[in-house]
Structures are given as structure tokens and as C-alpha cells.
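Note sheet for the following structure.
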Amino acid sequence: MDRRETAALLAYIGRLDPRTIRTDQGEARDQLAQWHELLGDVPMATPHGWDARVAARRHIRTSPYQILPADVARPWESYRRDRLARHSDPTPSADPDDQAAWTAELVGTRRAVAAGTAQPGQARAITSGRDGIGPRLEARLREVGSCIPSAARVALAPYRPARAARELAVALGQPDALSVRCEWCKAQPGEPCRRRRIGPDDGVLGTAPRATPHPGRLDLAAQQNDQAQQPAMA
């Protein structure tokens with residue numbers, strides 16, 4: 001804010017808390033200079049929710065202490081951090097081969113968001129919005145199916161043997177062994193079973209993932225699958 005806006009803010013604060021009023025001309029001039037020095041980079045208001053007068057009024061209403069410039073600057077910094085935390089960088093319209101222009105556009109967008117002159121990009125919130133976007137998107141993803149093409153899934157199978165075995169079992173209508181905890185190796189649901197590496201002195205050197213689950217885990221998954229189907233059959 002400029003000096004005129006700083007003076008207007010001080011006048012507004014003086015109406016709410018007369019303790020801040022300086023009747024001596026020199027003291028008033030020094031007070032204005034101090035507040036302008038400390039709040040020069042804080043706007044009076046932005047189009048998207050920030051107003052220095054609201055921050056000042058909140059402090060005067062809730063604190064018994066006389067307001068200081070920091071009591072306006074701190075809410076402004078919190079406002080900036082919150083907006084940047086909710087912002088996802090959009091793809092710049094500049095030529096990606098022009099690194100300087102690309103970077104300048106990204107920086108400019110972030111500064112506009114932080115300054116309150118532009119709204120944060122909401123790409124991160126697309127699946128978790130409270131307005132119903134999340135459930136609709138999740139339902140659409142279930143209709144589409146896996147985001148990994150079948151050809152890519154086949155190519156990845158040698159590098160993900162445990163996952164490939166699990167997908168094959170589910171495709172064949174067999175129980176999903178990884179849906180339960182393995183009582184033998186203590187692998188948690190979703191994690192592959194592990195085999196122990198034993199040293200010459202019979203000590204355990206470490207563990208390595210197994211391509212197939214332990215038999216006991218298969219039996220437990222089949223048992224739970226049968227129990228889940230019994231009410232439906234009844």
C-alpha cells in the first residue's frame with residue numbers, strides 16, 4: 001500500500017482503537033513513516049479475499065493489546081502461503097524451448113496468485129473437491145478402467161511379478177491373496193510376501209519379495225472370500 005492507503009488504514013484503526021491516535025504532528029508523521037515502511041509490500045485489499053482493514057479489525061476485536069504493524073503483516077503472510085499451497089502451476093503458453101519466457105510466465109503466475117490478483121490453479125483439488133467433482137471423477141475412472149494400457153501392463157509384467165500374479169489370479173476368479181495379511185512373513189495387505197535370506201550360520205541376512213504368495217496366505221484369502229459370499233448366496 002502507498003502512503004495514502006497507509007494513512008487511511010491508520011485512520012480506520014484510530015476509529016476502532018483511540019489508543020493508536022497520535023495528536024502530536026511529529027509523532028503522527030513518525031507513526032505513518034513506520035507503518036508505511038513495514039507494510040509497504042502489503043496491499044490494502046485484493047480482489048480475492050484479502051483486506052488489511054479486516055485483519056486490523058479482527059486483532060482489535062480479539063486482542064487486548066494495542067495493534068502493531070506485525071498484526072497486519074502476519075495475516076498477510078499466512079494469506080500468501082495458503083494461496084500458494086493451493087496453487088498448481090498451469091502449463092505456460094510460452095514456447096517451452098524459450099526457457100526464459102517459460103520461467104518468467106511461471107514466476108509471474110505464482111506472484112499474481114500470492115499477491116491475490118489471480119486465483120490459485122486447482123488441479124490438485126480435482127479429485128478431492130467438496131462440490132461433488134471428486135466422486136464424479138472417481139466414478140468416471142472406474143468406467144474407463146485402468147490408466148495403464150494392456151500392452152504396457154504385459155510389458156511390465158516381468159518387472160512386477162507379484163503384481164502380475166495377483167492380476168492373473170483376479171482375472172481367473174481366484175481369491176486375491178494380497179487382500180489379507182500374511183501370517184507367515186507378516187506382509188501387510190497389498191504388499192507381496194517376502195522370503196528370508198539365510199546366511200551360513202543360519203542367521204537372517206535379509207528378505208526379498210516373492211513372486212507368489214505363501215500358501216497359508218492363499219488359504220486365508222480363500223476362506224475370507226467364501227465367508228463374504230455366504231450371505232449373498234443365502
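Go over the candidates 83, 61 one by one and state the one that is without any contact (Cβ under 8 Å) to a residue 60 or more places away in the chain, out of contact with any Asp or Glu (no Cβ under 7 Å at 6 or more places or on another chain) and farther than 26 Å from residue 121 by Cβ.
Values: 83 fails: farther than 26 Å from residue 121 by Cβ.
Exactly one of 83, 61 is without any contact (Cβ under 8 Å) to a residue 60 or more places away in the chain, out of contact with any Asp or Glu (no Cβ under 7 Å at 6 or more places or on another chain) and farther than 26 Å from residue 121 by Cβ, namely 61.
Taking only pairs six or more apart or across chains, which ones have beta-carbon atoms under 9 Å, a first residue in segment 203-231 that is modelled with pLDDT of 80 or more, and a second residue that is of a type in the set (Phe, Trp, Tyr) and open to solvent by 70 Å² or more (accessible area, probe 1.4 Å)?
What qualifies is 214/184; 215/184; 216/184; 217/184.
Just checking, which of 47, 64 is in contact with a Ser or Thr (Cβ under 8 Å, 6 or more places away or on another chain), open to solvent by 90 Å² or more (accessible area, probe 1.4 Å) and either assigned to a loop (DSSP other than H, G, I, E, B) or at pLDDT below 95 (or both)?
Details: 64 fails: in contact with a Ser or Thr (Cβ under 8 Å, 6 or more places away or on another chain).
It is 47.
Please specify each residue of segment 1-20 satisfying the condition of being of a type in the set (Val, Ile, Thr) and modelled with pLDDT of 95 or more. Walk me through how you get there before you give the answer.
Residues of segment 1-20 that are of a type in the set (Val, Ile, Thr), as a first pass: 6, 13, 20.
6, 13, listed by residue number.
For segment 1-28, what are the residues that are over 23 Å from residue 76 (Cβ atoms) and assigned to a loop (DSSP other than H, G, I, E, B)?
Applying the first criterion (over 23 Å from residue 76 (Cβ atoms)) to segment 1-28 yields 18, 21-28.
Correct list: 21, 22, 23, 24.
The values are calculated or read from the model by the stated rules, or taken from the named source; none is laboratory data. A quick note: this is a predicted structure, and the numbers were derived from the prediction, not measured. Please note: Cβ atoms are built from the backbone with ideal geometry, for glycine as well, and neighbour counts cover all protein chains shown. Surface accessibility is based on the protein's heavy atoms, side chains included, excluding ligands, DNA and RNA. Shrake-Rupley method; radii C 1.70, N 1.55, O 1.52, S 1.80 Å.
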